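The next block holds one structure in the form of structure tokens; read it before the comments.
The values are calculated or read from the model by the stated rules, or taken from the named source; none is laboratory data. All values reported here derive from a predicted model rather than from experimental measurement. Neighbour counts are summed over all protein chains in view; Cβ atoms, including those assigned to glycine, are modelled from backbone coordinates with ideal geometry. The area values use the complete protein model at the heavy-atom level, side chains included, leaving out ligands, DNA and RNA. Shrake-Rupley method; radii C 1.70, N 1.55, O 1.52, S 1.80 Å.
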Amino acid sequence: MQVPSYVEYERASSVEHALALLSRPDHRVLAGGHSLIPMMKLRLAQPGVLVDINGLAELAQIRKDGGVLRIGALARHADLLDSAVAGELYPIVHDAERVVADPIVRLWGTVGGSLCQADPSEDLSAVFAAARATAVIRGQDGDREIPVREFHLGPYETVIGPGELLAEVRVPVHRGVGSAYEKVARRVGDWSVAAVGAVLRLGQDQAIEEAGLGLTAVGAEHFVAAEAEDFLRGRAPDEESFARAAAIAAVHCRPVADQRGPEDYKRHLVAELTIRALRRAAERAAARAGPPR
Ligand SMILES: Cc1cc2nc3c(=O)[nH]c(=O)nc-3n(C[C@H](O)[C@H](O)[C@H](O)COP(=O)(O)OP(=O)(O)OC[C@H]3O[C@@H](n4cnc5c(N)ncnc54)[C@H](O)[C@@H]3O)c2cc1C
């Protein structure tokens, strides 16, 4: 099937207008359309009405606001890659955006669409889970905030309810944080075979105060390697800690064999990429030591 079924189209003129439209049954947000339109062509999605939010500039901002990096749901992948403040505070974001799809997809695909699509291979889901970001979900009754770690209920399913949209992602900014993302794909621009994001916060004594480990495409619950994070807390950021955390992450994830590789290969990648991401995150944390800017 290459042609979507009949669908109506509404262009939202404001967030309030979008929310009013979405309160009707069978309405669905259209952001970049890179995932939704192909699903409609395959008739895997058959919304009655598309609510186009592409004109809502207020949802596209990226800025630091006090102790929080705020990323609008309508920010494009390319905007995030261009954002100096995002790259400085969370280089993991730039690492990941450099390897999300290709320049054409990055020019139009959005942060919100990536999270809401809830594809298990979506790179930003692991990035924001590792960074312990918060999703701001807007409805006609106001906003509710949900940790990104609780945002995905499973493949292609999120906590966003009828009449709601994802407005923003908020990432906390702390002193002494370093982050990195490592991905292996079959070819340039492809989805991950496996990928790992690491966020390390070092304390005054240089021990690991908090660790975030996000896993992409390997069946990790909520995209997180929670057991490996628990192991790292309080330890020295050294090769021995990283190797042991990597082994824990590889054991606890649940990859499935598919055209991208067998299960044991994916576990091997998780272990190796965890070490590499942690190593780079630790180097960056050391370089950023000092008060937050
Ligand atoms: C060829 C190709 C390669 C790709 N490779 C990668 C890759 O390597 N890594 C990767 O991470 N991604 C990849 N992607 C996906 C890309 O990141 C898409 O941009 C993303 O999946 C969807 O974003 P979108 O803005 O196009 O969303 P859309 O397709 O418009 O929407 C996707 C879903 O999210 C919902 N939605 C969108 N925005 C909101 C919102 N604000 N609130 C509530 N619901 C919303 C829609 O209703 C729909 O259900 C690839 C896509 C393509 C086409």
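Please go through segment 225-239 and pick out each residue that is under 18 Å from ALA281 (Cα atoms) and either surrounded by fewer than 24 Cβ atoms within 10 Å (Cβ to Cβ) or at pLDDT below 95 (or both). Give the steps one after another, and end with the answer.
Applying the first criterion (under 18 Å from ALA281 (Cα atoms)) to segment 225-239 yields 225-226, 228-239.
Passing the criteria: ALA226, GLU229, ASP230, PHE231, ARG233, GLY234, ARG235, ALA236, PRO237, ASP238, GLU239.
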| remark: Selection from segment 149-170 of residues more than 10 Å from the ligand (Cβ to nearest atom), touching a helix residue (DSSP H, G or I) at 6+ places or on another chain (Cβ under 7 Å) and over 25 Å from VAL218 (Cα atoms) yields GLY163
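Mind listing whichever residues of segment 109-118 are more than 6 Å from the ligand (Cβ to nearest atom) and under 19 Å from VAL218 (Cα atoms)? Reasoning before the result, please.
Kept after step one, since they are more than 6 Å from the ligand (Cβ to nearest atom), are these residues of segment 109-118: 111, 115, 118.
Residues satisfying the conditions are LEU115, ALA118.
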| query | Where residues in segment 1-16 are under 27 Å from the mean Cα position of the chain (by Cα) and of a type outside the set (S, T, N, Q), which of them is surrounded by the most Cβ atoms within 10 Å (Cβ to Cβ)? | reply | ALA12
| task | Go through (1) open to solvent by less than 10 Å² (accessible area, probe 1.4 Å); (2) closer than 20 Å to VAL173 by Cβ and name the single condition GLU283 misses. | result | (1)
| So which of ALA289, ALA245 is at pLDDT 95 or above, outside any strand (DSSP E or B) and either within 17 Å of SER179 (Cα to Cα) or open to solvent by less than 10 Å² (accessible area, probe 1.4 Å) (or both)? | ALA245
| remark: Scanning segment 201-234 for residues that are within 13 Å of the chain's Cα centre (by Cα) and in a loop (DSSP other than H, G, I, E, B) gives ALA217
| request: Output the residues belonging to segment 172-201 that are among the hydrophobic types (A, V, I, L, M, F, W, C) and surrounded by fewer than 24 Cβ atoms within 10 Å (Cβ to Cβ). | output: VAL173, VAL184, ALA185, VAL188, TRP191, VAL193
| query | Looking at segment 35-71, which of its residues are within 14 Å of the ligand (Cβ to nearest atom), part of a loop (DSSP other than H, G, I, E, B) and farther than 18 Å from GLY87 by Cβ? | reply | SER35, LEU42, LEU44, ALA45, GLN46, PRO47, GLY48, ILE53, ASN54, GLY55, LEU56
| note | Those residues of segment 82-99 which are within 13 Å of the ligand (Cβ to nearest atom) and either open to solvent by less than 50 Å² (accessible area, probe 1.4 Å) or in a strand (DSSP E or B) (or both) amount to VAL93, ASP95, ALA96, GLU97
| task | Filter the helices (runs of 4 or more DSSP H) completely within segment 100-167 down to those with at least 2 residues that are open to solvent by less than 20 Å² (accessible area, probe 1.4 Å). | result | 111-117, 123-130
| Does LEU213 satisfy the criteria of being at pLDDT 95 or above and assigned by TED's automatic domain parsing to the domain that holds ILE71? | no
